[in-house]
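The values are calculated or read from the model by the stated rules, or taken from the named source; none is laboratory data. All values derive from a computational prediction rather than experimental measurement. Neighbour counts are summed over all protein chains in view; Cβ atoms, including those assigned to glycine, are modelled from backbone coordinates with ideal geometry. Accessible surface is based on the protein model in full, side chains and every heavy atom, while ligands, DNA and RNA are left aside. Shrake-Rupley method; radii C 1.70, N 1.55, O 1.52, S 1.80 Å.
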Amino acid sequence: MGKVRIAGFSVSLDGFAAGIEQSLNDPLGKRGPELMQWFFQTKTFQAMHGTPGEGVDTADDIFARRAMEGNGAWILGRNMFGPVRGPWPDESWKGWWGEEPPYHVPTFVLTHHPRDPIVMKGGTTFYFVTDGIGSALEKAKQAAGGKHVRIGGGTLTARQYLQAGLVDSVHLAFSPVLLGRGENLLAGLDLPSLGFSVKEHAATEVATHVVLER
């Protein structure tokens, strides 16, 4: 049976998962890409972006590959899908990823503003859910067909699912970076009270990977 999981989620040492001032030019916010350096160098990332065979085969790649495998559906927050705020001005924005997003399965986007589904190349269809995180999860589980549902972010979306007790497994990749400001994933979260304990951890030169499970 598939899990509801957060995986490959990059976090600074002070708990921030995105920088300030997300925009078209800074989709991860100011300094946000610093959190992702462990992932950018992996074979998994390079294969996702059309350069198979490139990248480094390390423990980081093992965690990256595990995060991408077995997902039958994804859930994204509106900010993770793009920089557009408020009502959709038109149908032109289809995500950060070009014509073939890296998801390859049904992907549910949380929003307050309705929009028709978008069918993309490679098996990704974006569905826009306006009636909350519970409804999105129910739809995603149905679409996943017994595979994992991955909560892809952003930070607020991950926090909402964690606080609601709807997540089974969490893989955090702590990058050796201090952001100081941005979107904090961990502030105020009592993970032990939510039932989580550390099941696995591994340190590499560029990240410390921690797996929590309930």
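What translational D, rounded to a whole number of µm²/s, comes out for the chain from Stokes-Einstein when the hydrodynamic radius is the Kirkwood one over Cα pairs, at 10 °C and 1.306 mPa s? Working shown, then result.
Numbers: Rh = 17.5 Å.
Taking Rh from Cα pairs, D becomes 91 µm²/s.
Ranking LEU191, TRP97, LEU179 by Cα position along the charge dipole of the chain, where only Lys, Arg, Asp and Glu carry charges on their C-beta atoms, puts LEU191 farthest toward the positive end. Protection proxy ranking of 195-202, 57-64, 105-112, 142-149, by the mean of other Cβ atoms within 10 Å over each peptide's residues and highest first, is 105-112, 57-64, 142-149, 195-202. Which percentage, to the nearest 5, of the DSSP beta bridges contained in the chain is antiparallel? Just about 45 percent of them are antiparallel.
In the structure shown, do any of LYS3/LYS139; LYS147/LYS199; LYS94/LYS139; LYS43/LYS139 have a Cα-Cα gap over 23 Å, and if so which? In this structure, LYS43/LYS139 exceed 23 Å between Cα atoms. Cα extents for segment 1-81 along the principal axes, largest to smallest and rounded to whole angstrom: 33, 32, 26. For segment 1-121, the per residue solvent-accessible surface stands at 49 Å², with DNA, RNA and ligands left out and a 1.4 Å probe. How high is the relative contact order of the chain? Use alpha-carbon pairs under 8 Å, at least six apart in sequence, and give a whole percent. For the chain, the relative contact order is 30 percent.
Surface composition of the chain: carbon and sulfur make up 54 percent of the accessible area, probe 1.4 Å. Among the trypsin sites (Lys or Arg not before Pro) in segment 62-134, those placed in a DSSP loop whose Cβ has at most 12 other Cβ atoms within 10 Å are ARG85. Remark on VAL109: its backbone amide H falls under 5 Å from those of LEU76, TYR127, PHE128, VAL129, a criterion applied only to residues 5 or more positions apart or on other chains, H modelled at 1.01 Å from N.
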